[in-house]
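One structure is given below, encoded as structure tokens.
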Amino acid sequence: MKLFGQLALVLGLLGTSLFATGADVALLHNGFSIRHERREVIGSVTRLYLGTDRDGYVDVPTVEIDGFEKDLSAPTGKVRPGSQSMNEVINSVSSRHHLDPDLINSVIHAESGFNPRAVSPKGAQGLMQLMPQTASRLGVTDSFDPGANVEGGTRYLRELLERYNFDLIKALAAYNAGPQRVEQYHGVPPYYETQAYVGRIIRDFNRKKLAERKAAALKTASYHKSPAPHALTAQPAAVSDTTQQASR
């Protein structure tokens, strides 16, 4: 199987072979993660076995792994959004496939504008614009079912990320133009539609992340500017505060 040597991860393991059994998640330094059934350290790389057999695996430089944790996500299955909001569906599916929900939101925004009944001139359907043959391969029987469509599209994007060593730009280009075109041109193909598509998603995703950072910074600044709760020395205030703490 192809060597995945460009992922980013750190782990203080010895250079001898080591196995871990059970479903775990390898946390990568670049923010992505890889779910695996077991792992083995071979020299300077950690081999992550994706299934129960020994044929499906990814080799990752051990120095690029931040750590491991147990996979606590729900079992894969069709999402039924009847009682869920779209955000809840996206958050649930993204968590299951270990992707940032903001990224999936940005892809849906670019693909369909959040129209679950969208159909492209080429026949792509639903929120994440699955082609019928792709939907069939992913086990999506109804591309107009929002939950099933997001499940299939997110799983497909995850597959592409793993295929291209978590190069987001290549994965998005392949989602739009097909993996064969990305491999033909060794990157984003020279199609205006694909280039604009990738740029639109990256800009939207970066905007979301920047807004989150600004909000977090403002919250931190506001917290530090707040007066200390016990700064006053007046006795009544101190008594009131003590009573409040004791009643919690």
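The values are calculated or read from the model by the stated rules, or taken from the named source; none is laboratory data. Computed from a predicted structure; not experimentally measured. Please note: Cβ atoms are built from the backbone with ideal geometry, for glycine as well, and neighbour counts cover all protein chains shown. All accessible areas refer to the heavy atoms of the entire protein, side chains included, with ligands and DNA or RNA removed. Shrake-Rupley method; radii C 1.70, N 1.55, O 1.52, S 1.80 Å.
Is it fair to say L99 is open to solvent by less than 30 Å² (accessible area, probe 1.4 Å) and modelled with pLDDT under 80? Judged against the criteria, L99 is not a match.
When segment 63-80 is filtered for residues that are at pLDDT 70 or above and surrounded by fewer than 19 Cβ atoms within 10 Å (Cβ to Cβ), the ones remaining, listed by number, are V63, D66, G67, E69, K70, D71.
Within segment 126-136, restricting attention to residues that are assigned to a helix (DSSP H, G or I) and either modelled with pLDDT of 95 or more or in contact with a helix residue (DSSP H, G or I) (Cβ under 7 Å, 6 or more places away or on another chain) (or both), the residue that is least open to solvent (accessible area, probe 1.4 Å) is A135.
Out of the residues in segment 141-158 meeting the condition of being open to solvent by 20 Å² or more (accessible area, probe 1.4 Å) and either modelled with pLDDT under 95 or among the small types (G, A, S) (or both), tell me which one is nearest to P121 (Cα to Cα).
Restricting to residues being open to solvent by 20 Å² or more (accessible area, probe 1.4 Å) and either modelled with pLDDT under 95 or among the small types (G, A, S) (or both), the top hit is F144.
Can you give me the number of residues within segment 81-125 that are more than 15 Å from the chain's Cα centre (by Cα), of a type in the set (A, V, I, L, M) and part of a helix (DSSP H, G or I)?
At the first step, the residues of segment 81-125 found to be more than 15 Å from the chain's Cα centre (by Cα) are 81-86, 109-125.
After this cut, where a residue has to be of a type in the set (A, V, I, L, M) as well, the list is 86, 110, 118-119, 124.
Remaining after also requiring part of a helix (DSSP H, G or I): 86, 110.
Number of matching residues: 2.
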